[in-house]
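Below is one structure, written out as structure tokens; comments come after it.
The values are calculated or read from the model by the stated rules, or taken from the named source; none is laboratory data. Because the structure is a prediction, the values reported are computed rather than measured. Methodologically, a virtual Cβ is constructed for each residue, glycine included, from the backbone with ideal geometry; neighbour enumeration extends over all protein chains shown.
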Amino acid sequence: MFAYIVCISLLAKQCLCGDTCGTKDTSIPQLSVQVFDSSNAGTDDKIAASILVDGEWTPWYRIDHSGCDNFDRGMTNYFDEFASYTSEWEAIALYNCGTDGLEIDAIGYWNGVDSTSVVDFFCFNVAGPFEEDCFVDLDELPNGECYEGEAGDYYNGVWIDQNNAGCQGIQFYTGRSLVGDEGVLVGAAYFLSTPGTPSCSNLLADETELVAAKALFVGQSIANLHWFVYASLLALFVFAVYKMYQKRSSVACKTSAGEDTEYVALKTQIQK
């Protein structure tokens, strides 16, 4: 019963029980990252992502679910940060902001229709030219190669890690199949453009930071509203006092003028 309650609590935070963070929904543009189930495969560092859509790279987003152990070994993570980009995704870039390496097993993406496409293999140069230290498990499928007429290995997985100068991130085409085996999607290097290196201290806010920022903004707005109300009330009070003083001064002037008229009339009668 306790485990069930914990499970429901985590679901409320967009963290599914078991080996999943986020809610899988293939009907919307969604990025998924599957972590290898091996020692040291997971990371607690910030992971940034950018998507190439309609020939333009999106801003770098921090992909993260608050309240869930993202990128733990064997974990599959589903992210909705790019849900508004409904055109077919042309390329994907991921970047590790720290030195705690992430061992990626597979990456799922939006193919323009649904989010069922999954890259299971990575070509030898998606993490930098010939950086073999970035890759996991050399694989050889029958009649398969990364690029037409070019000998090149492909791998079951890839590391992204600041400890290696060529492995901080990966950048690859979507929708590419192994030459000779069209049923297998492979991450082939994309070099036509780049989203640049992300500013890891200035990534678009994750869910927790966004909620905190909104709360701060609302709090400041309420505080400013209070000051505005106080100032308005004070101005009304000062205006009311001024009008009251003005009215009394007018009455006093009229009374004084009336008394002067009576005095002149009385003096005239006495003289007569």
For residues in region 167-188 being without any contact (Cβ under 8 Å) to a residue 40 or more places away in the chain and over 19 Å from ASP105 (Cβ atoms), which is surrounded by the most Cβ atoms within 10 Å (Cβ to Cβ)?
VAL179
Can you tell me which residue in region 93-148 is surrounded by the most Cβ atoms within 10 Å (Cβ to Cβ), limited to those that are modelled with pLDDT under 85 and among the aliphatic types (A, V, I, L, M)?
ALA127
Per the list (1) surrounded by 21 or more Cβ atoms within 10 Å (Cβ to Cβ); (2) in a loop (DSSP other than H, G, I, E, B); (3) at pLDDT 95 or above, residue check on TYR85 breaks on (1)
Among the residues of region 35-78, write down those that are more than 16 Å from the chain's Cα centre (by Cα), surrounded by fewer than 22 Cβ atoms within 10 Å (Cβ to Cβ) and part of a strand (DSSP E or B).
VAL53, GLU56, THR76
